[in-house]
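Before any comments, here is the structure.
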Amino acid sequence: MANTISVGLLGLGTVGSGVIEIINRHQEELRHQVGSTVSVKKVLVQNLNKKRAVDVDANALTTTVEDIIENPEIDVVIEVMGGIQVAKEYILTALRNKKHVVTANKDLMALHGAELLQVASENECDLFYEASVAGGIPIIRGLVDGLSSDRITKIMGIVNGTTNYILTKMSKFGSSYNEVLKEAQELGFAESDPTSDVEGLDAARKMAILASLGFSMEVSLEDVIVRGITTVTEEDLKYSEQLGYTMKLIGIAKRKEGRVEVSVQPMLLPNEHPLAAVNDEFNAVYVYGEAVGETMFYGPGAGSLPTATAIVSDLVAVMKNLRLGVNGHAVPAPLHEKKLKTDEEIESKYFLRLLVTDEAGTFSAITSLFAKHGVSFEKLLQLPVEGREVAEVIIITHTTSRKTYEDIYNALNELGVVQSVESSYRVEGGQ
Ligand code: HSE
């Protein structure tokens, strides 16, 4: 293997600058692990004259992508520019030119990962993407290497920092979603257009990647059922807390008898669940394996240096493979054909908050409806609403199928004593 590994960087924003900083700072550790020096030969930027946050050789900067992806001197391309179509083309060209690729691009990997990995394998190149899920947490390597001998049955993730920050603050200060979002935007914790975070799409992309790896099955974004946090109210959080639960935006992927379900939604976790203690902008991924039992990976899900750590660790993995001459074989093709659970097979407990008429017979009408569908209550709370002839009823059901739950939900809306179904969430536990 060459004494120096030459890297081309596509993009020099927050994460790209972090990559340069870690490579510059950690040369000694890198050389110790793989026996070579790392040199950032070329960096693709939009503006050659912009002032940079990191120390980078002006001669390395280029606005011409071919200087990197067609350059025979470059061994590894690191893609940190984002976007989908253009990034995909650049990565495909780099792979076809026998360059190993490291990317942080979850949007791209969630949508086109299978195709890109196939091209990488055909060209005997590595394509690593640790930074695409949960920033600095080494969860992909945790699944692919650390837990490779086990059979994983459940992955639950708090994989979006923005929404975890918002829910934590709403819960702590009793504030509304809109108040906290505004404050989070002012502090730079939320994007000015937060749609993909708050609607759950960012988390869904990450869960498609984790489920594919954890279950060795090609799970795509369309397979993920998604609901965001925009309709969560401070009352929902208050009642969850009173009943001993914490609300989090949870990505959940489960496998039972060969069938899988993957979804992202605000979900109630019992306070003693390890994910219930993950607050503010932190991420965590809980993995259950048949043999190992419960494990949890916790850390920063974004940020320049944490994300760059994951990228440079991928670079180290490429270099180790180069030394052994085994690039392009890190992740085997999926072992299992995709089989999704049906609505009857997706099981959960549910939280429901209802406004009901405060009169005799109301409770019996509600309990009869649940009994008719064979679903019993785990917890129940009734509170009068001051100055009104209505009461608030909060129910946590026992486990039932999604199909049965939807039938109950629709029937509740038709029931005379129920004025409105104010909210409804899945509750984790027990299965
Ligand atoms: N927007 C993401 C988050 C970070 O809030 O966690 C990048 O994946």
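Helix 106-122 versus the longest principal axis of the chain: what is the Cα-based angle in degrees, 0 to 90, to the nearest 10?
Result, in degrees: 50.
Under the Kirkwood approximation applied to all pairs of distinct alpha-carbon atoms, what is the hydrodynamic radius of the chain in Å?
Hydrodynamic radius (Kirkwood, Cα pairs) of the chain is 23.4 Å.
What relative contact order, as a whole-number percentage, does the stretch 358-419 give when Cα pairs under 8 Å and 6 or more residues apart are counted?
33 percent
So if I average 1/r over every pair of distinct C-alpha atoms in the stretch 242-327 and take the inverse, what Kirkwood radius in Å does that give?
15.9 Å
If you consider only alpha-carbon coordinates, what radius of gyration and Dmax does the stretch 196-339 have, in Å?
For the stretch 196-339, the Cα radius of gyration and maximum Cα-Cα distance read 17.6, 58 Å.
For the chain, find the longest principal axis of its Cα atoms and tell me its angle to the long axis of helix 304-324, 0 to 90°, nearest 10.
50 degrees
Out of all DSSP beta bridges with both ends in the chain, state the antiparallel percent to the nearest 5.
That works out to approximately 70 percent antiparallel.
Between the alpha-carbon centers of the stretch 78-144 and the stretch 153-194, tell me the distance in whole angstrom.
The stretch 78-144 and the stretch 153-194 have Cα centres spaced 28 Å from each other.
In the Gaussian network model of the chain, springs joining C-alpha atoms below 10 Å, which of Leu315, Leu340, Leu249 carries the largest mean-square fluctuation?
So, out of Leu315, Leu340, Leu249, the one fluctuating most is Leu340.
Please order His373, His112 by the number of other Cβ within 10 Å, starting at the fewest.
Going from least to most buried by this count: His373, His112.
Any idea how far apart Glu235 and His329 come out in nm if each label point goes 7 Å out from Cα toward Cβ?
6.1 nm
So how do 66-75, 406-415 stack up, highest first, on mean other-Cβ count within 10 Å?
Ranked from most to least packed, the peptides come out as 66-75, 406-415.
Would you mind checking the tilt of helix 161-173 against the longest principal axis of the Cα atoms of the chain, expressed as 0 to 90 degrees and rounded to 10?
Roughly 40 degrees between the two axes.
Using only alpha carbon positions, build the gyration tensor of the stretch 359-431, then give the equivalent ellipsoid semi-axes as the square roots of 5 times its eigenvalues, largest first, whole angstrom.
Working through the eigenvalues yields semi-axes of 22, 14, 11 Å.
Are there chymotrypsin sites (Phe, Trp or Tyr not before Pro) in the stretch 101-175 that DSSP marks as loop and that have at most 13 other Cβ atoms within 10 Å, and which are they?
Passing both the DSSP loop test and the Cβ count: no residue.
Mean separation of Cα pairs under 8 Å and 6+ residues apart, divided by the residue count of the chain: what relative contact order is that in percent?
16 percent
Percent of Cα-Cα pairs more than 20 Å apart in the stretch 85-148, please.
Distances greater than 20 Å cover 26 percent of the Cα pairs.
The numbers here are math on the coordinates, done by the rules we state, and not lab data. Just so it is clear, the structure is predicted and the values come from calculations on it, not from any experiment. Neighbour counts are summed over all protein chains in view; Cβ atoms, including those assigned to glycine, are modelled from backbone coordinates with ideal geometry.
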